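Asks: Mind looking over this structure? Questions follow.
The values are calculated or read from the model by the stated rules, or taken from the named source; none is laboratory data. Note that the structure is predicted; figures quoted are calculated from it, not measured. Note that we place each Cβ from the backbone using ideal geometry, even for glycine, and neighbour counts take in every protein chain shown.
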Amino acid sequence: MNSNPILTGFNPDPSIVSTPDGYYIATSSFEYLPALPIYHSKDLESWELVGHVATREHQVQLAEVPTPGGVWAPTLRFRDGMFYLIVSVFLGGRGCVLFTSADPAGPWSDGTVIEAVDGIDPDLAWDDEGVAYVTFARHPDAIQQVRVDLRTGEAIESPRPLWSGSGLYSPEGPHLYRRGDWWYLIAAEGGTDRGHAVTVARSRRPYGPFESAPHNPILTAAGTGAPVQNTGHADLFERSDGGTAMTLLGVRPVGLTQAFSPLGRETFLTTVDWVDGWPHPHLPQLAGARTEQVEYDFSNGAGLEDPAWIAVRRMPSEFAAATPAGLVIRGEGNPLSSRRPSFLAQRQRHLGVECRVVLDVGSGTGGIAVRNAEDNWFGIEAKQDGDAIRVTARAVVASFESAWEAIVSPGDIELEILTTPPSRDFSAGAVGGDRIRLLVRAAGPEDSAESVLLTELDGRHWAFETAKAFTGRAFGVYAVEGEVLIRRLRYSGKDGPAEPAS
């Protein structure tokens, strides 16, 4: 597995299936729409985002769901030519919903609600007679299970406790599999922070009783200096070569102290050995340095064709539209601290980032931002102010806001967000987070104007460990009032260890 993480940027709670057409993964998306991204790979190395399960708000009903609620922990399965995805839309959403599609790229069904499942992280499995079992977590109880008629969503029985876990905190994220004469139940325990772990039990029947593996937890990075931490919420699958592998979530903390993870929980792969009838997975390893550059030239009429675009609790098309002059973002008086801002975003996918946007704010107020949650974001906002443009850098932590202002000449401007991982030298700030710089300059040829540094931030305040939003950083453009015209957006990302300070 040489490409870890295989899905960069926040992509937690992965669930995977092997099909004749290759492998498909679904991950959690929480308050963002479209929801439930589906990724495809032929070789387990290169992955492509092919679509989303929920492309219509009524499928999940996120409009009033608070952060960190929303679309939690799906299970993706493939049976008799049909794809099934079962998921919980938590904290005021639609509840447990089953979606189906013959094509994983969509469109998917409107979904069937399974009211008997009153917990999170539902799993779906079938016995030899075709009876469907939904296994799920219900804090603080044991992992639960119920048989369900998938055509109607009606339970065939009352939910019952299945397994209390191996003894660690908070058993959740169950997945049930048949392998030979055994049924294996994989679970996540220890919480989703540094104590996260993968555990397993087995039984001769899908409904138990289950015996715990003697070597539980079978995988954890807790207490180690491994470069991938918080490893857990795993899903087993068989590779096309006959081997067994596991997809799971993890974080990439920065600095010598490994205290802060800017990108949130990402998706990793690792191999699994079988010893005496029990799985023994290996800790995932990181790939080497890699780069990515993508540029959107909206001035030629391009729009939202890239499926990577997401928005908060609504579809991007509700407020963004292509025009011959550029992409128009329509503000509705909702700042980034609101439930439904006009914020067109993508996942931040690298630890080192240069994100630049050229825009026209002659008819509106808006700019560029990086968001973890309503009360945790930073960005640069611009608006026309007489014969000039007033530019304000904002940094919001736990709803406390700091701001820095500058005045620039009228016309198109370029806003820049630059992030750099911390040095691995204690004397140079390795105990903090990444270095974030917010800049502005007049748009034009590369050397026509110097950038003005508005402020420099310590990224520890916008990390998974501090934001506690269950997602990670999402970068993008937004409008608060009027119409903001986006000419171009460029994202350059780089991963690799930071060099010691000289």
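Asks: From the list SER15, SER88, which residue is crowded, with 24+ Cβ neighbours inside 10 Å and touching a Phe, Trp or Tyr at 6+ places or on another chain (Cβ under 8 Å)?
Replies: Answer to the selection: SER88.
Asks: Could I ask something else about it? Go through segment 395-408 and report how many residues are within 14 Å of ASN372 (Cα to Cα) and either out of contact with any helix residue (DSSP H, G or I) (no Cβ under 7 Å at 6 or more places or on another chain) or not aliphatic (A, V, I, L, M) (or both).
Replies: 4
Asks: Among the residues of segment 355-406 satisfying the criterion of being closer than 19 Å to ARG339 by Cβ and of a type in the set (Lys, Arg), which is surrounded by the most Cβ atoms within 10 Å (Cβ to Cβ)?
Replies: Selected residue: ARG371.
Asks: If you take the residues in segment 202-246 that are outside any loop (DSSP other than H, G, I, E, B) and among the aliphatic types (A, V, I, L, M), which one is farthest from GLY190 (Cα to Cα)?
Replies: Ranking the qualifying residues of segment 202-246, first place goes to ALA245.
Asks: Let me ask something else. If I ask for residues that are surrounded by fewer than 23 Cβ atoms within 10 Å (Cβ to Cβ) and either farther than 22 Å from VAL17 by Cβ or not basic (Lys, Arg) (or both), which ones from segment 171-188 would you list?
Replies: Within segment 171-188, TYR177, GLY180, ASP181, TRP182, TRP183, TYR184 qualify.
Asks: Could you list all residues from segment 156-182 that are touching a Lys or Arg at 6+ places or on another chain (Cβ under 7 Å) and assigned to a loop (DSSP other than H, G, I, E, B)?
Replies: Across segment 156-182, the qualifying residues are ILE156, GLU157, ASP181.
Asks: Among the numbered criteria (1) closer than 30 Å to ASP127 by Cβ; (2) surrounded by fewer than 24 Cβ atoms within 10 Å (Cβ to Cβ), which single criterion is violated by THR247?
Replies: The single condition THR247 does not satisfy is (2).
Asks: Let me ask you something else. Among (1) surrounded by 20 or more Cβ atoms within 10 Å (Cβ to Cβ); (2) of a type outside the set (Ser, Thr, Tyr); (3) at pLDDT 95 or above, there is one condition LEU168 misses while meeting the rest; what is its number?
Replies: Single failed check for LEU168: (1).
Asks: Something else now. Determine whether segment 183-195 contains at least one residue that is basic (Lys, Arg), assigned to a strand (DSSP E or B) and either at pLDDT 95 or above or within 29 Å of THR112 (Cβ to Cβ) (or both).
Replies: no
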